[in-house]
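Notes to accompany the following structure.
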């Protein structure tokens, strides 16, 4: 039975195999034994016959995003890929080109191998982002995953072309540039790191990577305005499933990496340096504060607003004093996705006389806080990278 | 014989087969088709969700291109069906949640129906445009076009190697699974066994990579220069520029002009 959730390209193969089911019969002349091999029966086990875990949900189609979101994500992808290429050329004397290409092909082929998840009756398969990062390092892993996603989009219509930028960010950049340095490396490179700790680090990194990728899908779809679902409903649909998918991915990655370490230890890359635990702790603390503690932020007016309300009542409704003010106010209205740190929802304005409840538990506020923090952090890192002094290289003989 | 893997790649390589047939549309530079496809995707995706009439107008481009390029509609429809499940869910949610009637006094059709139809039309048109791009240029033409657009040669080299070896490794994976199936007496694959199979496949990938690396070294690859992957891109000709201009102008007119409503009005003026 072809599962609804199977990766799209394997569903197509299943359809073709079913249409062309071949019955091969071999009869031995000397004996009475008849061997029948039914390829359709064998294809059941070779492809994603059972419910597989979400190969459909992470590949976004063009119809689900707006040009603004698509082009923005393409710009982010372009920047990350350019950075990955530059770093790869700097850190390696010889490009591991055949290894990267073959491991990309491995990720492709690995999606054929479906394994059963105990206790659920469904099956899963490896997505490959974190595994590639552990084997090749984050920079090469981004290039390889981007290539895999491009081939899937071009040859198998698994994901749109303008949405390819979003897909590369969600499934390549997030595991390699976010989950690996912030979750895996700090945990796995501690001086007393045991194999149990490294397994935990792998599983946690896989879960965080997939969860953040799914969260990014929710944000990108909502910002494009093509779905009528609210943020809470959409998030409730996507996030729990991808938590389970991340757990499966983590366990599969651990199984593969441990087997490789036993048989071919030179293939598994040791992280070059211990990750910055301070950065990881600060990052997680920022997300916690912005996403959760913001509910306890006061919703009473701050000092300036309180003073203005007493000295110049009605100042908020007064018309702008000049054309420049009016123009800038129009720009601000158009560009503010999160007015008052929540989602703009025209149908749900609170009546002006009621004081809002405290704490203001609101997923829109959480999202606004998290996104704002990420944007500020990203801008800070970008500016810092631009102005930091370049290290002098030793002159080559 | 790994039926599953070869069926999969037969289906995918149909795209390249189309590109080998010689029609005038395929003799155009790949960058022409890339520019037209990007303009088309931006035009279709930038339409407001309830604007169905302009989408119908924009459908003329994939219809014209598939007829002129000799690409069957069934191929485009099958590729749209692959991306359909998630879009269908979102479309159904529109029908369920947005029940404002479009015509006063009638419960049906609703604004949600219009949004759902528009979403499905967007899916069909965007997938058709992307499929036509590959069918007209083929992977080799597309990569040549990408190099002409200053994509890093490392990325293009990756695409080539992946395209070449994905079938080889898919065959190996199918053989591993078949061997396990024949020896497993019907037991399902556990995650631990899957880890071993994946590890085996990974080791074979590494071994093959080592052989490919040695072969490349013997053919002059020094670990830095990617000259072998750079194809010389020819200059754009007047035909390429003219065709791209006409198509992009048409797309802009369909997106921003008075479009179907204007045509309808003029036809009604002509009627007695």
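FYI, it's all coordinate maths here, none of it is from the lab. Please read these numbers as outputs of a predicted model, since none were measured by experiment. Ideal geometry is used to build each Cβ from the backbone, glycine not excepted, and the neighbour counts take in all protein chains shown.
Ignoring everything except DSSP H segments at least 4 long, calculate the 222 nm mean residue ellipticity for chain B; use -39,500 (n - 2.57) per segment, divide by total residues, nearest 500.
Computed mean residue ellipticity for chain B: -26000 deg cm²/dmol.
Give me the one-decimal nm value for the distance between modelled label points at residue A:71 and residue A:322, 7 Å along each residue's Cα-to-Cβ direction.
3.1
Using R₀ = 22 Å, calculate the FRET efficiency as 1/(1 + (r/R₀)^6) where r is the Cβ-Cβ separation of residue B:245 and residue B:149; round to 0.05.
Computed FRET efficiency for residue B:245 and residue B:149 comes out at 0.75.
Calculate the radius of gyration of the Cα atoms of chain B to one decimal place, then report Dmax, the largest Cα-Cα distance, as a whole number, both in Å.
24.2, 79
With no solvent and one equal point scatterer placed on each C-alpha of segment A:152-198, evaluate the Debye formula and give log10 I(q)/I(0) for q = 0.24, 0.33 Å⁻¹, two decimals.
-0.80, -1.06
Gain in length, residue B:253 to residue B:187, computed as 0.36 nm per residue apart minus the alpha-carbon separation, to one decimal in nm?
Between residue B:253 and residue B:187, full extension yields an extra 17.7 nm.
Quote the FRET efficiency, to the nearest 0.05, computed for residue A:268 versus residue B:63 with a Förster distance R0 of 45 Å and r equal to the Cβ-Cβ distance.
0.30
Find the relative contact order for chain B and round it to a whole percent, using C-alpha pairs within less than 8 Å whose residues are 6+ positions apart.
With pairs under 8 Å counted, the relative contact order is 32 percent.
Each label point is 7 Å from the Cα along the Cα-to-Cβ direction; what then is the distance between the points at residue B:106 and residue A:83, in nm?
Here the answer is 5.4 nm between the modelled labels.
What average number of partner chain Cβ atoms lie no more than 10 Å from the Cβ of the residues making up B:150-156?
Counting Cβ atoms of other protein chains within 10 Å of each residue's Cβ and averaging gives 4.
Measuring from centroid to centroid over Cα atoms, what is the spacing of segment B:151-192 and segment B:45-88 in Å?
Answer, in whole Å: 32.
Can you give the average number of partner chain beta-carbon atoms within 10 Å of each beta-carbon in peptide B:234-242, as a whole number?
0
Distance between Cα centroids, segment B:24-41 to segment A:203-255: provide it in whole Å.
Here the answer is 35 Å between Cα centres.
Treating the angle as unsigned and between 0 and 90°, give the value, to the nearest 10°, between the Cα long axis of helix B:3-20 and the longest Cα principal axis of chain B.
The angle comes out at about 60 degrees.
Spin-label point model (7 Å from Cα, Cβ direction): what's the residue A:332 to residue B:50 distance in nm?
Calculated label separation equals 3.0 nm.
Quantify how strongly other chains surround peptide B:114-121 by giving the mean number of their Cβ atoms within 10 Å of each of its Cβ atoms.
2
Does anyone have the angle between helix B:30-46 and the longest principal axis of chain B? Alpha-carbon axes, 0 to 90°, nearest 10?
Helix B:30-46 sits roughly 50 degrees off the main axis of chain B.
Quick check on the exposure proxy: order A:325, A:125, B:50 from fewest to most C-beta atoms within 10 angstrom.
A:325, B:50, A:125
Normalised by the number of residues in segment A:69-152, what is the relative contact order in percent for Cα pairs under 8 Å and 6+ residues apart?
32
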